[in-house]
Structure formats: structure tokens, C-alpha cells
1. Any idea what the dipole of region A:110-237 comes to, in debye rounded to 20, about its Cα centre with Lys/Arg Cβ at +1 and Asp/Glu Cβ at -1?
2. Suppose we keep just the alpha-carbon trace of region A:89-217; what are its Rg and Dmax in angstrom?
3. How much solvent-accessible surface does residue B:121 expose, in Å² to the nearest 10, with a 1.4 Å probe and all protein chains in place?
4. Specify, per residue and in Å³, the volume enclosed by the convex hull of the alpha carbon atoms belonging to region B:32-159.
5. Where the centroid of each part is defined by its Cα atoms, how far is region A:65-104 from region B:194-254 in Å?
6. Can you give the Kirkwood hydrodynamic radius for chain B, in Å, rounded to one decimal and based on Cα pairs?
7. Which residue, B:175, B:186, B:208, has the largest displacement toward the positive end of the dipole of region B:87-221 when charges sit on each Cβ (Lys, Arg +1; Asp, Glu -1)?
8. List the pair-distance distribution P(r) of chain A, using every Cα-Cα distance, as the percent of pairs falling in each 10 Å bin from 0 up to the bin containing the longest distance, rounded to whole percents.
Amino acid sequence: MTAPESEYAFHRLAGVVAKFNRSSEQFDVLRTEIWQFLNEDPEPHFSRGEFDADSWEWIERFQGREPPLRWGVILGDCVHNLRSALDHLICQVTLLDGGTMDDCAEAQFPIASKSEQQFENMADRRLPACFSDKHRAMVKEPQPFHDGEGAPRHPLSVLADLSNADKHRVLNTSVSFMDSDAKEVLDRLVASYQGGDEPSPVHSWWMVKRGHHLEQGIPWFRIVFDRAILTEGPVKVEMGGNIRLGIAFGDVGLDSRDFKKIGEYVWLIIERFMREFPETKYHD
Amino acid sequence: VGKKERLRRERKDAELAEVEAGSTGLPGFQLKMDRARVHLENLDLAVKKWLDVHADLVREETDPETGDGLIVVDPPTVSPADIIALIAADCIHNLRASLDQLVFSLSWAFTAGPLSKQVAEGCEFPIFGPRGPRKQELDKRVGAVHPDARRIIEDLQPHHAGDAFAREELWILDQLWNLDKHRMLPVTVFGQQAVQINPQALTSSATYRLHGPIRRKTEIVRFEGARPEAYPDPKSAAVLDIAFGKGTPAYGRPVTGFLSGLADYLRDEVIGKLTPFLD
């Protein structure tokens, strides 16, 4: 999403909105590149199968190109701008609450995923003394720690993780992951069995779960045959349909489609604070 | 070795391999530098476009009192667009982050096995201006890099310039980054970078303004009497640009030129000297 800049051009948070929009635009670039990669002709990935006479199973292995490292760099710009939008917000609220630019020097939007106490400690350090109780509470309300065990997957936690890794350590590299639902695929396979009353030569099927990272050569599908029924291994097994892939980023494994949710969450925070500022219409 | 132990070892090996594959970050700093160059190209285009659109701000007029020919520049009705500051900010971010990622890669290269979490999270390219770093401050940031690389990083520190530390490239980069990250977009202003003079075309004396921001109608050249006809196009007299504004550590410096110089400095004086320690 992109906020209409013309609406905020004269607002005190115009810089915050500009940073937010910059992040959205960069993410659109990234999303387009990912779409092009996944929909290339020929496809960037395929499957190669072979029969394993030891385990009496047919194994399909993933073959494909690695997603480009450049995506990690673009994502770095996205998260940098989104994280900065939150910090700029704190600086503007500091000025609103009677502080100065000097008060902003150490100011930062705290992101606490562990506990309320962690938030209080961070807020004491990162929110200037002039910050009003009301505004401190507004920073506390959207914090990840409220989610308990789910806190590491909270949009702000993910944003902080991606941003810190990119700033100081490594690019948030991208990986391909299985985006097809294993249960759905296997149920379909079972239902499509056309052997009539004949017993199926298939002992069992196995497929990686949705979300599983797919690397070059990794087995993603196995058909285990019944040695008693299928006494000779098949030379070929036709696999119908396509492997549906997704792209994930960083150690946190952020599904590229979920970056939008992080943006929307950050925008909600910005919007709430926007109402705190007196309306300014210098252009009237 | 029992099966259980073998499985435990295999799992451990697999975990280490995963950490190694995901954490070397060796090309990261280079990709960040490349990205900064892409932003620089876009910045150059955005600045040129802005100046092109505002070319009519430079014009000729005659001083009604003295009859002197003047070349003046009017201030723009609105400040340079946010997009210029936003692209500049992205460039700054990538330049600065490339330094931290370089330290991570140097640490990785010099350390046997995967980096511990503590070391990995402490990696940072130190930049100390007003005072020198304490030993423990350096240990935390560059404690895992080759001792010779650490020495080079120490020698690059802005505090060695004494009171002039604030004019050092690394210090300015760090301050610009902090400004953009936490406080505000780096403000940009419309300004005159230089004046182009062709003395041979002058038939009388003339006074010039050399450089500075354009906040109000500003005289760039004043000819004594009418402008000489042989004098070249007045628009070429004023070399205009977009510069960093007040409140930024690079006040008055042309945005594109300064950041481009900074990128060259990092390539030649920092990364170039430290990459031998990545082998």
C-alpha cells in the first residue's frame, strides 16, 4: 500500500509518510521481480525423479535456480525505510511534546518482543523524557510482547530482525519454499487412483510440507512401492501438475507476500499518531 | 560410534553447514556498494531532472538604478522534491551498511568455524569522532577480525583528525546515516555550486558570486554596464545544484557529487585496503 502523499504534503508527518511510501515502492519492485522469476518461461525450477532400488521408492528431487542475492539488497532498502519511518515518527512526536531535535538524537521506536519489562526498559532509554504518558502508551500498545509465544512472528519483531541483520551483518538472502499443500496434493493422488479393485502397488506417498525450504537436489516427493505387488521398479513416473513455489527472506523465513502485512501494521501505527497532530493547512 | 551418536553428529554438522551457508555474507558488502551506485545514478537523474524543470529560474535583468546587466537566480517556489532526499538516504544507508557487513565478513574470514551469536551481533564498523574508542569498544566491534585489518580500521578513525574530525568522510557518513535512520530525511536545498567565467568575453569588469544556497533572488554576475554581447549564454554562468541543507553534517555540499566522492573513498581507502583480509 502507498499513502496518498498529496494528503499529507503539509502534515508534520510528511517525512514519515515519504519514508513509508518509499518502502512500499521498493517492495513493489521486489514483488515484480519475484513474480517474473517464478513465472519465467521455461520455469526456473523443475523436478527430476529416479527409482531407488534399495528403498524401493521413486524419489523426485527439486532442481532449480537459486533466487538472486540482489533481492536481499532490495529488501534491505524496504526494511530500512519502514524502520526509519517509525523512528522519524518518534522524533516528530518528541517535537510535538515539547522536545527538540537534540532530544531526538538517541530516540528510537522501541520494539520489545520478550516482555512488558523489556518494553519499559527500552522505552526509558529510547523515548525522550518529554514524551507524554499518552504517547508512550500509544507506542506500547502495538508491541509484539503482547502476543506471548507468537511474539517472534509479530510484524514489528520480523521488521526489527530483518532490519538489524541487514544493517550490521548479512543480507537477508532469499530461499525458495514449497507452496503447495502436501495434504491436498496427496488426497488428490489417492482419489485419482484408477486401479479399480486391484490392490495399489503404492505403499505410501510422502511430500514435503508447505513452507519447507527447497534447495538444489533436495527430495520433495517420494512414492514407496509395495515390493510384493510391484516386483520391478518403474523406469518412469509421470508427475502431473506444477510445484508451486514461494520465496522467503532471512533467518526468520518471511514469506515475501507477508511483507505487505508488515507495511499495513506500520501504517496503522503512523495513522493513529497522525490524529495527535493539530491539523495544518499551510496551503489554504 | 553408535547410531544415536552418529545421528547427533550428523545433525550438528548439518546445523553448522546451515549457519555457514547463511552467514558468510561475503558478497553482502559488495552488493550493498553496488546498490549504492545504482541509487547514485538515480540520484543524478533526479537532480538533473529537477534542475532542468527549474532552468527558468536563471534569467537576465538590468539594474534599474545603475543600468548594470545582471544574471540572477530566483528561488524555487517549493524545495527540492522529497524524492531527491529519499534516494540520497537510500544511498547513504547502503554505503554505511556495506561497512558493517564488511566487518562481519572479515570476522567470518578470520574466525575458525561459525561465529558465536555474541560476536556476530557485535560486529560493526566502528566510527569514533570526538574521542578515540576504548579497547573494549573495539573488541566488541572488530575483535574477531585479523589484527592487521583491525589496525587499518583503527587508523581510519576520524578522531585522528583532532578538532577537524567532523570534516572526515567516515564521520559525515555515520552522522548522515543516523540522521536519516532516526530523525529526519536529509534536507536538501537549491544552491549555486560555481560560476563559469569567460574573461575573454568581458569588455568591462564584472563581479561574481562564487557559491552558496539560493533562498531568495540572488545575483550571480553583475556586469559594469550592459552585458557584453560576446558573453556566453547567461544560463551557463550559474552552475546550479542540489546540496545538503542546514542541520545536516554535509551542509552546502552537492548531494550527488559528495555521495559519489564518498563511495569512491570507501572503495579505495576502506574496502580496497581490507579486502585482502577476506581470503
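The values are calculated or read from the model by the stated rules, or taken from the named source; none is laboratory data. Being a predicted model, the structure only gives us computed values, none of them experimental. As a convention, Cβ positions derive from the backbone with ideal geometry for all residues, glycine included, and neighbour counts pool all protein chains shown. Side chains included, ligands, DNA and RNA excluded: accessible areas come from the protein's heavy atoms. Shrake-Rupley method; radii C 1.70, N 1.55, O 1.52, S 1.80 Å.
1. 520
2. Considering region A:89-217 through its Cα atoms, Rg and Dmax are 24.8, 82 Å.
3. 100
4. Per-residue hull volume (Cα only) is 177 Å³.
5. Here the two parts' Cα centres lie 37 Å apart.
6. Hydrodynamic radius (Kirkwood, Cα pairs) of chain B is 22.0 Å.
7. Value computed over the given set: B:208.
8. Reading upward from the zero bin: 6, 23, 24, 17, 13, 9, 5, 2, 0.
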